[in-house]
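Comments concern the structure below.
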Amino acid sequence: MNRFYAVATQVLAHHDAVIDKLVGDEVMALFIRAFAGDACIGKMASSAETLLCSVGYGKGEPWLPLGVGMDFGTAFVGNVGSGEVKDFTALGDVVNTAARLQAEARPGQIVMSESVYQAVSERFPEALAVEMTLKGKSEPVAARVIDLAARPVTA
């Protein structure tokens, strides 16, 4: 996992993300407009693609089964907890939706909400439109899937 964390933190820092958590085989990153600028959604998409390429998707045999989920919107960001137990985190529907989209992503896939896709659609014209039934959602969620595992291998 240390190899993955090293790659993920380097890629995400390069794209101005705030790394919220390293938990098991997951990384939660926040793309906060105040830090990442107005191009934050584009940076989020670039970091997802770079991260998957960094573990080998589209370049041969990946060394880690990895999928990415993304959503963008308003969240409550800050420290939670009290006393000796405090944690910096983000809370809100957008965070839950991103986590659920990530859970649906198969290795080599980026699964993004339709709102994220609208901001980066020119970059991913091949994105497959889907509707997903996500835990905690009463209605299906429109999303787009980019499958880097299905792209031809490049040198």
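Among the residues of segment 87-129, which ones are among the basic types (Lys, Arg) and closer than 19 Å to Asp38 by Cα? I'd like the intermediate steps shown before the answer.
Of segment 87-129, the ones among the basic types (Lys, Arg) are 100, 106, 123.
Listed by number, the list holds a single entry, Arg123.
All but one of (1) at pLDDT below 95; (2) buried (at least 17 other Cβ atoms within 10 Å of the Cβ) hold for Asp87; state the number of the condition that does not hold.
(2)
Looking at this structure, is Phe35 surrounded by fewer than 21 Cβ atoms within 10 Å (Cβ to Cβ), in contact (Cβ under 8 Å) with a residue 60 or more places away in the chain, of a type in the set (Phe, Trp, Tyr) and closer than 29 Å to Arg3 by Cβ? Even if it seems obvious, please write down each step before you answer.
Working: surrounded by fewer than 21 Cβ atoms within 10 Å (Cβ to Cβ): yes; in contact (Cβ under 8 Å) with a residue 60 or more places away in the chain: no; of a type in the set (Phe, Trp, Tyr): yes; closer than 29 Å to Arg3 by Cβ: yes.
No: the conditions fail for Phe35.
Find the residue count for segment 77-97, including only residues that are closer than 25 Å to Ser115 by Cβ and of a type in the set (Asp, Glu).
1
Yes/no per residue for (1) within 23 Å of Gly24 (Cβ to Cβ); (2) of a type outside the set (Gly, Ala, Ser):
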{"residue": "Gly42", "(1), (2)": "no, no"}
{"residue": "Ala48", "(1), (2)": "yes, no"}
{"residue": "Ser54", "(1), (2)": "yes, no"}
{"residue": "Gly73", "(1), (2)": "no, no"}
{"residue": "Gly81", "(1), (2)": "yes, no"}
{"residue": "Val95", "(1), (2)": "yes, yes"}
{"residue": "Arg100", "(1), (2)": "yes, yes"}
{"residue": "Ala105", "(1), (2)": "yes, no"}
{"residue": "Lys137", "(1), (2)": "no, yes"}
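Take the residues in segment 105-138 that are of a type in the set (Ser, Thr, Tyr) and farther than 16 Å from Ser46 by Cβ; name whichever of them is surrounded by the most Cβ atoms within 10 Å (Cβ to Cβ).
Initial filter on segment 105-138 (of a type in the set (Ser, Thr, Tyr)): 113, 115, 117, 121, 133, 138.
Next cut, farther than 16 Å from Ser46 by Cβ only: 113, 115, 133, 138.
Working: Ser113: 21, Ser115: 16, Thr133: 11, Ser138: 6.
Result: Ser113.
How many residues does segment 1-54 hold that are under 27 Å from Ser121 (Cβ atoms) and aromatic (Phe, Trp, Tyr)?
2
The values are calculated or read from the model by the stated rules, or taken from the named source; none is laboratory data. Owing to the predicted nature of the structure, the values given are computational and were not obtained by experimental measurement. Cβ: placed from backbone, ideal geometry, glycine included. Neighbour counts: every protein chain shown.
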